[in-house]
Amino acid sequence: MAQTPTWTIADSALSFTVTQSENGLTAHLRDLRTGREWGPSPLLIPEVHDRSGQRTDRLETYRIDRVESGADFIHPIIGHTASGIALGIWFRLVKGELRVVLSLPEVYERIPTRYRLFAVDILPGFMDANSTGRVLTPIAGGTSFCPANKPAVRDRFLLYLEQSRWELGTVLPLCAAHDTRGGLCAIATGCAQDMECRVETDGKGTGRIGYAITLRRFWPDPVDFENRQIVYSPIRSDEDPVIATAKRLRRHAMEDWKKQPLAERRKVAPEVEYLFHAPTIRPFFGIENEGMFMQSIAKSDPVSFTCTLTFGEARQWLDKYRAAGLRQLHTEFVGWNARGHDGMYPTRFPIDERFGGETGFRELVDWGSAHGWRMNVHDNYGMTIQNTPNYDAECVIHDISGVPLLSGWWSGGDEYFSWPNAFPHARLEGHMEHLKALGIRGKTYCDYMMRPLEVNYHPRWKGPRGDHMRGQMRVMKAAQDIFGAVGTEYGIFPAAMACDSISGFGGRMGRKDWPIGQLCDRKEQTYLLAIHGLVLLETGYHPSWDYVLNAVSHGLHLRDEWAARPVPSIAVITDQGVHAMKAAVDICLGQFGHLLQEEMVSYAEPADKVRVTKFADGTEVSADFNTKELVVNGKRVERPAALA
């Protein structure tokens, strides 16, 4: 009887075997330290689009043209005769991990007018957890579920957001499956923006998760020629799978992205160092009565613009912070530009006279700078409003039908998203230099980065999601070079690697009616465990005692946003708010400001609304939102009168 062809590689931690079957290849992985096994499962399943058939087929049967192997690698080369698709893929053992690499020069589409490779499902069904375990998804920066008592469900979604499902908040390139036998985590370390996470439950207590490598989703899509790579790391049965996965992602950030910890970054970046001593204050100047932000406001007034704050009023209120004892302050002016917040981007000038014009702006900036404060702005290089003087269709993403991609409705009206790779110097660096010449300094804020990644079908600037990602990183790099530091929102992983601070980090889970919404039952603090200490993470708004409990237990930087007159979601500033911020600064940046740069090593919620966190320097924080008690290293922190 003929022997079944098999290929095995092993190191001190793992053994990986590929076996040839009648129809394809199967894989088996064994953790030599614990005995945990995965598989046998299909090694890979190509997904090929048949243009004439108008469908995408999973090729579970294919030719095995060759399998090459060495001491630490297995390199299958497969093909499919009818479609003309062929590919080679690498499986390597490196320091106790399995690394899978798809190199685009090894992908052949020999009949490209009729067949194109859309995706390769890698080790489908391999990563599993039984009813005793949990499956960790990239949803909302890390959300998990126990497969027990879950319906049979299947779902799939791209990393780093897709507009039609942005509410999933897939901001981190990770997933894991773990139970009493142990588990695996998978980190997408190469071309993660084109990885599709696939999740399923069988309705009998088993959950599975993994990645498919995508090349395109639609026939005309441009293909990113970067290598795709996934790293699989074993997790012991006695390890916390969330912590283990988060720490593996942190390694990826530091080793592959070369992300510098804040403790080192602050030594070489004076504007980052300044933030360790200064809260961020965001005066909000004005807005048009249009768009999502203003939906709840009646439209009966023929004057559509609301001036919520002038530059003179901002100075008066900021001076109250100085009088209260705050000696260092970082400001980000919101809605300082023409027609206010999100009003006419990319047109920003002239600075609106309704706030005080350029003269008032310069006077405010000069006054704050004279006190040693950092005066900067909230800006936006992603949003493009069509009926504005600086609109340029060359710099806008085009959709699959070849017209500018409509991607939002804000206070300036319909919004079209920019393609930063097309920006000329004048639109990016030139604009920043113009602003800097007005006297602003310190960390600047680039809003809206990263928003869901898009493919661009523009005839000149056609490019894949990866080019959209790299373009947004170009904006943040320019801002960092010109101003010394840059912040953004939401914190998709590549943005976190490019910036110094993030507000609204970690994503959020929406749309429970989607299949994945029927599964996820616990929000994990994966984002904090992976990213904390690499980037300054910011609180929400409006100082209170709960604000302090949150900031200290999570090691967060402080911020607030306000106006002098009401507008939706923006608080009206009061004397009490000023003194509350001073009290919060004394505790969060004064007593415990060192936590901002520390790695978070553990996170637990021993009871409802009770959290216990531990940092790399040994600091342990307990915050009880029921009793309002804050304890640091066993000592109770007293609540000041200003936060009563």
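The values are calculated or read from the model by the stated rules, or taken from the named source; none is laboratory data. If you're wondering where the values come from, they're calculated on a predicted model, not measured in any experiment. Please note: Cβ atoms are built from the backbone with ideal geometry, for glycine as well, and neighbour counts cover all protein chains shown. Accessible surface areas use protein heavy atoms only, side chains included; no ligands, DNA or RNA. Shrake-Rupley method; radii C 1.70, N 1.55, O 1.52, S 1.80 Å.
Excluding ligands, DNA and RNA, the accessible surface per residue across region 459-519 is 33 Å² with a 1.4 Å probe.
Return the calculated 222 nm mean residue ellipticity for the chain, to the nearest 500 deg cm²/dmol, obtained by summing -39500 (n - 2.57) across DSSP H runs with n ≥ 4 and dividing by the residue count.
Value at 222 nm, helices only: -5000 deg cm²/dmol.
With a ≥ b ≥ c taken as the square roots of the eigenvalues of the C-alpha gyration tensor of region 207-259, please select rounded if a/c is under 1.5 and otherwise prolate if a/b is larger than b/c or oblate if it is not? Oblate shape, in that a/c is at least 1.5 and b/c is the bigger or equal ratio.
Applying the Karplus relation 6.51 cos²θ - 1.76 cosθ + 1.60 with θ = phi - 60° to region 160-170 yields 3J(HN,Hα) values of 6, 6, 10, 4, 5, 9, 4, 4, 5, x, 7 Hz, where x marks Gly and Pro.
Using the beta-carbon distance between residue 616 and residue 57 and R0 = 30 Å, what value does 1/(1 + (r/R0)^6) give for FRET efficiency, to the nearest 0.05? That pair, residue 616 with residue 57, gives E of 0.05. For region 83-151, with every protein chain kept in place, what is the accessible area per residue (1.4 Å probe, Å²)? In whole numbers, region 83-151 has 31 Å² accessible per residue. In the chain, the longest principal axis of the Cα atoms and the axis of helix 575-585 are about 50 degrees apart.
Report, to the nearest 10°, how far helix 241-251 tilts away from the longest principal axis of the Cα atoms in the chain, using its own Cα long axis and a range of 0 to 90°. Once rounded, the angle reads 80 degrees. Amide H to amide H under 5 Å from residue 407: which residues, 5+ apart in sequence or cross-chain, H placed 1.01 Å off N in plane? Placed amide hydrogens put 415, 416, 417 under 5 Å from residue 407. If a/c stays under 1.5 just call it rounded; otherwise compare a/b with b/c (prolate if a/b is bigger, oblate if not). Do that for region 1-159, with a ≥ b ≥ c from the square roots of the Cα gyration tensor eigenvalues. Oblate. If the label point is 7 Å along Cα→Cβ of residue 639, which residues in region 539-579 have backbone nitrogen under 12 Å from it? Only 544-549 fall inside the zone, counting backbone N under 12 Å.
Among the protein heavy atoms of region 446-532, carbon and sulfur supply 50% of the accessible surface, probe 1.4 Å, non-protein parts ignored. Once P(r) over Cα pairs in 10 Å bins from 0, in percent is calculated for the structure shown, the corresponding label among [x] 3, 15, 24, 25, 18, 10, 4, 1, 0, 0; [y] 3, 15, 26, 28, 19, 7, 1, 0; [z] 2, 9, 11, 10, 10, 9, 8, 7, 6, 5, 5, 4, 3, 2, 1, 1, 1, 2, 1, 0, 0 turns out to be [x].
When you count the other C-beta atoms within 10 angstrom of each residue and take the mean per peptide, 627-634, 290-297 line up highest first as 290-297, 627-634. Using θ = phi - 60° in the Karplus curve 6.51 cos²θ - 1.76 cosθ + 1.60, the 3J(HN,Hα) couplings for region 511-527 round to 6, 5, 7, 6, x, 5, x, 7, 9, 4, 10, 8, 7, 9, 9, 4, 4 Hz; x is entered for Gly and Pro. Separation of the alpha carbons by more than 25 angstrom is noted, of 320/477; 204/247; 95/259, for 320/477; 204/247.
Counting only protein heavy atoms and a probe of 1.4 Å, the accessible surface of region 81-174 is 50% carbon and sulfur. Amide H contacts for residue 561 (H built 1.01 Å from N in the peptide plane; partners 5 or more residues away or on another chain; cut-off under 5 Å): 282, 542. A 1.4 Å probe run over region 167-233, with the rest of the protein chains in place, finds 25 Å² accessible per residue. 3J(HN,Hα) along region 38-53, derived from phi through the Karplus expression 6.51 cos²θ - 1.76 cosθ + 1.60 where θ = phi - 60°, amounts to 10, x, x, 9, x, 5, 6, 9, x, 10, 10, 8, 9, 5, 6, x Hz, with x in place of Gly and Pro.
Please give the residues of region 274-317, grouped as numeric ranges, whose backbone N is less than 14 Å from a label point set 7 Å along the Cα-to-Cβ vector of residue 575. Of the residues in region 274-317, 317 have backbone N under 14 Å from the label point off residue 575. Solvent-accessible area of region 212-279 (1.4 angstrom probe, protein heavy atoms only): carbon and sulfur portion equals 53 percent.
Taking 0.36 nm per residue of separation and subtracting the Cα-Cα distance, full extension of the segment from residue 305 to residue 132 would add 56.6 nm.
Between the C-alpha center of region 438-512 and that of region 386-402 there is a gap of 19 Å.
Considering only 594, 626, 610, the residue lying farthest towards the positive end of the dipole of region 550-644 is 626, judged by Cα position with unit charges set on Cβ. When peptides 19-29, 581-591 are ranked by their average number of other Cβ atoms within 10 Å per residue, the highest-first order is 581-591, 19-29.
What does the C-alpha gyration tensor say about the overall shape of region 409-550? Classify as rounded when a/c is under 1.5, otherwise prolate if a/b is larger than b/c, or oblate.
Oblate shape, in that a/c is at least 1.5 and b/c is the bigger or equal ratio.
Can you spot the aspartates and glutamates whose alpha carbon is less than 17 Å from residue 436's alpha carbon? Ignore those fewer than 8 places along the same chain. List returned: 271, 332, 358, 363, 366, 379, 481.
Listed by chain and number, the aspartates and glutamates whose C-alpha is less than 20 Å from the C-alpha of residue 635, apart from same-chain residues fewer than 8 away, are 546, 586, 598, 605, 617, 620, 624. Cross-link partners for residue 609 among the lysines, with Cα-Cα distance under 17 Å and sequence neighbours closer than 8 places in the same chain left out: 523, 628. Multiply the residue separation of residue 254 and residue 586 by 0.36 nm, subtract the distance between their alpha-carbon atoms, and state the gained length in nm to one decimal. Separation in residues times 0.36 nm, less the Cα-Cα distance, equals 116.4 nm.
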